[in-house]
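Since every read-out is calculated from the coordinates, none of them should be taken as a lab result. Note that the structure is a prediction, hence the values are computed from the model and not measured. Note that each Cβ is placed from the backbone with ideal geometry, even for glycine, and that neighbours are counted across all protein chains shown.
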Amino acid sequence: MLDWVLLLGGSTGHGAATAKRLAKEGYGIIAFHFDRGDAKKIAMNNIEEVNNLSNGRCHYFNTNAASIETIEKYIPKIKEITNGQPLKLLLHSIAFGTTTNFFGDTPVTPRQMDMTVHVMGNSLLYWTQHLFKNNLLAKGSRVMGLTSEGNYLAMEGYGPVSVAKVAMEAIIRQIGWELGEFGVTANAVQAGITPTRALTKITDNWETWVENTKKRNPMGRTTTPDDIASTISMLLKPEADFINCSIIYCDGGESRSGNI
Ligand SMILES: NC(=O)c1ccc[n+]([C@@H]2O[C@H](COP(=O)([O-])OP(=O)(O)OC[C@H]3O[C@@H](n4cnc5c(N)ncnc54)[C@H](O)[C@@H]3O)[C@@H](O)[C@H]2O)c1
């Protein structure tokens, strides 16, 4: 029986695909999600599948994983679930932020900026601090977050999330630098444009983005959540023990391809 993994944002998109993949491989799944309405229905179907694939070694919590109260409340529960064993993986796959421009009709507010950077960036640091302090991250554990091309490109509606991605990458680099001596590594996986619920929230033009991406991508398609799940699964292998403080691209070469 393999170790436990903790997925922040494990009910849809990249997080759900990763949960299914790792459950199939024998990992126990602990995951947070924050879904209401239609999203909740999709989430519940995915969670049922993860539960079956993991033979019930699966715990999902529908609550705001970015709140410090949640972190403090759930650390003892996580410890109980893993029986004090350190986690193999802490993955940040939360998509929850303000998607608006800096100027124009609905300029982003300070509150929206702070919230987006906290939820999509800084919250990974606070989880890592608490888990490490409680011996839930140790030799062989991985910390990972998902980033995007928006970390260095300006895009419609993406400003606040872009700032959060840059913050997350800096956080990951620093975590890997400080915890490397304990055998804990931290890396970001950069996904190409993936048609998930989060993409539909960035812009009303998301379908055009998808079509243009297919033309631009050297491999002629958009990224799928399964592509990301495979990359994460690969990074859990002992062969990846020395990969640290890096950004791993899983986008078919999209980010290296010029606009046409
Ligand atoms: N879709 C893309 O094109 C793309 C590209 C690159 C990177 N990413 C990144 O991948 C990550 C996952 O996005 P996705 O595309 O899979 O989106 P998604 O909307 O399918 O998944 C988001 C997940 O986050 C959860 N969530 C949202 N707010 C939460 C909160 N406060 N607490 C706990 N869980 C919360 C949701 O329940 C869901 O499980 C994000 O960081 C996103 O920026 C996405």
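Remarks
- At the listed q of 0.12, 0.15 Å⁻¹, the Debye profile of the range 1-139, built from one uniform point per Cα, gives log10 I(q)/I(0) equal to -0.49, -0.73.
- Distance (nanometres) between label positions extended 7 Å along Cα→Cβ at Glu207 and Lys41: 2.0
- Helix 206-216 axis, angle to the chain major axis (alpha carbon atoms, nearest 10°): 90
- Close amide H partners of Tyr249, meaning residues 5 or more places away or on another chain with modelled amide H under 5 Å apart, are Gln190.
- Neighbourhood net charge (15 Å Cβ-Cβ; Lys/Arg +1, Asp/Glu -1) for Thr63: +1
- Our note on the geometry: Cα centres of the range 19-86 and the range 147-169, 27 Å apart.
- The alpha carbons of the range 10-69 stretch over 29, 26, 19 Å along the principal axes, in descending order.
- For the chain, adding -39500 (n - 2.57) for each run of n ≥ 4 DSSP H residues and dividing by the number of residues yields -13500 deg cm²/dmol at 222 nm.
- Long-range Cα-Cα pairs in the range 4-251 (distance over 33 Å), rounded percent: 13
- The length gained on full extension between Glu156 and Ala138, counted as 0.36 nm times the residue separation minus their Cα-Cα distance, comes to 2.5 nm.
- For the chain, the relative contact order works out to 20 percent when only alpha carbon pairs closer than 8 Å and six or more residues apart are counted.
- Charge context of Ser54, other residues only, Cβ under 14 angstrom, K/R +1, D/E -1: +1
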